[in-house]
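Enquirer: Pasting a structure below so you can have a look.
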Amino acid sequence: MALTHNLGFPRIGAKRELKFALEDYWKGQIEEAELKSTAKAIRKHHWGLQVQSDWVPVGDFSLYDQVLDTSFLLGNIPKRFQGNSGSDLDTYFRVARGASSHGDGKCSHAGEMTKWFDTNYHYIVPEVSSNTAFKLNPTQLLDQLAEAQALNLNCKPVIIGPLTYLWLSKVSDNSDRLALLTEIISVYQQLLDLLATRKIEWIQLDEPILVTELDSGWRAAFESAYHTFSHANIKILLTTYFGALQDNLQLACKLPVAGLHLDAIGAKNEVESVADWLPSNKILSLGVVNGRNIWKTDLNATLSWLQPLAERLGDRLWLAPSCSLMHVPVSLQAESQLDTELKSWLAFAQEKLEELDILKKALNLGIPAVQNELNANRRAILSRQQSASVVNPVVSKRIAAINRHLGNRRNSFAERSAKQKDILGLPVFPTTTIGSFPQTADIRLTRRQFKKGEIGAEEYRKRMQEEIRNVIRQQESLGLDVLVHGEPERNDMVEYFAEHLAGFTTTQAGWVQSYGSRCVKPPILYGDVYRDRPITVDWIVYAQSLTSKPVKGMLTGPVTILNWSFVRDDQPPEQTCKQIALAVHDEVQALEQAGIKIIQIDEAALREGLPLRKAEWRSYLDWAVEAFRISANGVQDSTQIHTHMCYSEFNDIIDAIAALDADVITIETARSAMELLKAFEQFEYPNEIGPGVYDIHSPNLPTEAQISELIEIAAKHIPTNRLWINPDCGLKTRKWNEVVPALRTMVEAAKKLRETKEFQES
């Protein structure tokens, strides 16, 4: 009898209940007990949605981030946060956000944040050194287990494995992370022994680094760790996802664990090999439903290859999503406005678990037991394949006509830069922001009223223009050199463009967690993409009419739109990306023709989309760079092209970033204390750079001394005549009473440094 289980469930809530509770707690509007009560209710509800699974995950729920949870489970709390007053929860949020939850004025720089493998989820990077001492702190996990056991659930704790935890960690003293292996193994062993006493039969240890390239040291570490764990009185399900095992396949199969999970979406060609290699006493868990995208599974096609395997493995076969379902929305139930046909093609988290249940019944009870469900699934799959709304011949012809000249600027950066400096007349250390300004309750209300038809287009435009006027005036009063219109009309940097491009649809409540309480609604890219009307031109032109200072045209780049959407799985991603690139190209051309001198095309997700294995990088980077260049490079030399990237390691792709040939790149560096700039120094990056000096993901307000120090560090890596000053990212999630003093401090720091002899002579 095949069994089903889940690797993890969305924790934010179908209506973002956790988001709102967290933000109320941080504002001091609710107490810790109420926050925990809300979290408990969400967990109970979500477990109820998973009852058809034979094993329900526990420990996948987090108040902020599962990697940060693991750090606290292991007692690995950075020293700067130890000894603070307040509860353990307050310390937890200090690490995540850099500040006390209730504003006691004690601030430290928050833990560094970066992307979880090749997803748009951000985690708090663990900090380790040669002196790190681990100490088991299982209270949170045990509390959640007690809740689940009280509901008579068949519990499977979910924990990040020790090797992946160390691999994700940042070493502060250049020591070897693997030198900590013995100590961390000891703490995991204590945890396994403790869970065994709580009558836990299975534990899921997530080791996604097994789908990456590992050297001999890391492979040996896997063997050492898991041979130690083999003595525990608990069964380990070693869980891999996000791709194929490749050269780690035999290692994963040979490790002394009770079961192995394989991502059968990303590694379908390895299923037979793993089934052959895996010893006959081990469970094989197969991720047969895509945990990262929202298209219905072709259940009939899946059963065609799964049935022979089920007959061979019997009760050794478990079925699951390919990875945690935290990367998809909770349920389709709230989507009353989606096109009926298109909706029939989709499956969110709850529907994916229903798909698993259908597969299980088909294997265990026979096809007739679920014939109606399989017939309905077949109709949905055929409907999508045959739909006239998916393919547009005009778009296909335009893609075929792309040539190398489309992605090239007319002249070199040096020639362009001279023209741009003459036209723009900017000082040394020009100051700017990344694009968005605070999205107030009034702005969000106006957008809702307009969408619901409660106000007309003229009233909507009037209110938005008023907000743009306020943003321009505020920036002028602060003394910023290059301004933005503030993006009040945009709900999200990707969703907004999806609403204005053919080939996309958006959801009402398709929320996915990005980090902490921050949620996004990834648009659904179902068909060929094209732009049939201007998107941003009117707003930017209006903003420019209000000031003599340059105002940036603000666009999202094709790679980021692709990576932050639920994309088509019926054609290669590079084909889809080129379609988006042509649409962005059209908007860039329109902005230039309207007189906009600076155009920023954000590619925050360029690094995120990088394949997990280096052998596959070049192919991705080639088409990703080409897509950006198609979108950006058809402009005159005098038009300055900016791009923005955040929360990424740049060292390995610095040549690709240079190949974008953007005139200015702005990047996140505040949390890393400018460490990321080392890549730009060693490579001798030729163009202009704006390293972030203000961490906008923390409520902490930077001091002038802190910003000046960061600028001085940046000036050691980048010549001052190519250095811009800006925040790390957009300001939409912050409040005006935070943004104004922070930007004023940033501008004053830049002005004072311009006057110093050191920088005047450089």
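Enquirer: Taking 0.36 nm per residue of sequence separation and subtracting the Cα-Cα distance, how much length would be gained by fully extending the chain between residue 654 and residue 307, in nm to one decimal? Display every interim value, and only then the final one.
Expert: Values: separation 347, 0.36 × 347 = 124.92 nm, distance 4.67 nm.
Computed gain between residue 654 and residue 307 is 120.3 nm.
Enquirer: Considering only Cα-Cα distances, which of the following residue pairs are longer than 23 Å: 40/135; 27/735; 115/170; 44/735; 36/451? Intermediate results must be reported in sequence, preceding the final value.
Expert: Numbers: 40/135 26 Å; 27/735 12 Å; 115/170 14 Å; 44/735 33 Å; 36/451 35 Å.
Flagged as over cut-off: 40/135; 44/735; 36/451.
Enquirer: For the chain, with only Lys/Arg (+1) and Asp/Glu (-1) charged at the beta-carbon, what is the dipole magnitude about the Cα centre, in debye rounded to 20?
Expert: Numbers: 82 positive and 95 negative charges, 207 e Å.
Charge dipole of the chain: 1000 debye, to the nearest 20.
Enquirer: Note the angle between two axes, namely the Cα long axis of helix 349-365 and the longest principal axis of the Cα atoms of the chain, as a number of degrees from 0 to 90, rounded to the nearest 10.
Expert: Once rounded, one gets 30 degrees.
Enquirer: Could you give each residue of region 714-719 its phi-based ³J(HN,Hα) in whole Hz, using Karplus coefficients 6.51, -1.76, 1.60 with θ = phi - 60°, and x for Gly or Pro?
Expert: 4, 5, 6, 9, 10, x
Enquirer: Shifting gears a bit: Enter the Cα centre distance for the pair region 389-421 and region 275-292, rounded to the nearest angstrom.
Expert: Each part's Cα centre sits 45 Å from the other's.
Enquirer: Same structure again: With +1 on each Lys and Arg Cβ and -1 on each Asp and Glu Cβ, how big is the dipole of region 406-463 about its Cα centre, in debye rounded to the nearest 20? All intermediate terms of the calculation are to be shown ahead of the outcome.
Expert: Working: 13 positive and 6 negative charges, 41 e Å.
Its charge dipole is roughly 200 debye.
Enquirer: Scan around residue 212 for amide H atoms under 5 Å from its own, H built in the peptide plane at 1.01 Å from N, and keep only partners 5 or more places away or cross-chain.
Expert: Close amide H contacts, sequence-distant or interchain: none at all.
Enquirer: For region 495-521 and region 145-215, what is the centre-to-centre distance using only Cα atoms, to the nearest Å?
Expert: When both Cα centres are located, 32 Å separates them.
Enquirer: According to a simple spin-label model (label point 7 Å from Cα along Cα-to-Cβ), what is the distance in nm between residue 150 and residue 300?
Expert: Distance between the two pseudo-spin positions: 4.7 nm.
Enquirer: Still on this structure, I have one more. Near the amide H of residue 60, under 5 Å away, which other amide H atoms are found, from residues 5 or more places off or on another chain, if H is placed in the peptide plane?
Expert: For residue 60, whose amide H was placed from the backbone, the distant partners under 5 Å are 158.
Enquirer: Can you give me the Rg/Rh ratio for region 221-364, using Cα atoms for both radii and the Kirkwood formula for Rh? Each step should come with its number before you reach the end.
Expert: On the way: Rg = 16.6 Å, Rh = 16.3 Å.
Using Cα coordinates only, the ratio equals 1.02.
Enquirer: Which of the three applies to the chain, rounded, prolate or oblate, going by the alpha-carbon gyration tensor with a ≥ b ≥ c and a/c under 1.5 meaning rounded? Don't skip to the end; give the middle numbers.
Expert: Details: a/c = 1.68, a/b = 1.35, b/c = 1.24.
The shape class here is prolate.
Enquirer: Give the aspartates and glutamates whose C-alpha is closer than 15 Å to that of residue 421, dropping any in the same chain fewer than 8 places away, or say none.
Expert: Filter leaves 481, 637, 663, 688.
Enquirer: Given the C-alpha centroids of region 49-101 and region 587-611, what is the distance between them in whole angstrom?
Expert: The distance from the Cα centre of region 49-101 to that of region 587-611 comes to 37 Å.
Enquirer: If you roll a 1.4 Å probe over the heavy atoms of the protein chains, what accessible area per residue do you get for region 1-157, in Å²?
Expert: Values: 6030 Å² over 157 residues.
Spelled out: the 1.4 Å probe surface of region 1-157, per residue, equals 38 Å².
Enquirer: If you count only protein heavy atoms and use a 1.4 Å probe, how large is the accessible surface of residue 159, to the nearest 10 Å²?
Expert: 10
Enquirer: Additional query: Just to verify a number: what accessible area does residue 20 come out at with the full protein assembly present, 1.4 Å probe, Å² rounded to tens?
Expert: Counting only protein heavy atoms, residue 20 exposes about 90 Å² to solvent.
Enquirer: If you don't mind, another one. Using the alpha-carbon atoms, what tilt in degrees (0 to 90, nearest 10) does helix 17-26 show relative to the longest principal axis of the chain?
Expert: That helix lies at roughly 60 degrees to the long axis.
Enquirer: Could I ask something else about it? What are the ³J(HN,Hα) couplings of region 428-440, residue after residue, when phi is run through the Karplus curve with 6.51, -1.76, 1.60 and θ = phi - 60°? Round to Hz, x for glycine and proline.
Expert: Each residue of region 428-440 in turn: 5, 6, x, 9, 7, 10, 7, x, 8, 10, x, 9, 6 Hz.
Enquirer: Below 11 angstrom from the Cβ of residue 560, what's the summed charge of the other residues (Lys, Arg +1; Asp, Glu -1)?
Expert: Values: positive: 607; negative: 602, 603, 608.
Summing Lys/Arg as +1 and Asp/Glu as -1 gives -2.
Enquirer: Still on this structure, please answer the following. Just the number please: accessible area per residue for region 297-450, 1.4 Å probe, all protein chains included, in Å². Don't skip to the answer; put the middle values down first.
Expert: On the way: 7220 Å² over 154 residues.
Heavy-atom accessible area per residue stands at 47 Å².
Enquirer: In whole percent, how big is the carbon plus sulfur part of the accessible area of the chain, probe 1.4 Å, protein atoms only?
Expert: 48
Enquirer: Could you give the size of the charge dipole of region 520-618 about its Cα centre, using +1 on the Cβ of each K and R and -1 on the Cβ of each D and E, expressed in debye and rounded to the nearest 20? Spell out each step's value before the answer.
Expert: Numbers: 12 positive and 13 negative charges, 74 e Å.
Dipole magnitude for region 520-618 comes out near 360 debye.
The values are calculated or read from the model by the stated rules, or taken from the named source; none is laboratory data. No experiment lies behind these values; they were computed from the predicted model shown. For neighbour counting, all protein chains shown are included, and Cβ atoms are generated from backbone atoms with ideal geometry for every residue, glycine included. The area values use the complete protein model at the heavy-atom level, side chains included, leaving out ligands, DNA and RNA. Shrake-Rupley method; radii C 1.70, N 1.55, O 1.52, S 1.80 Å.
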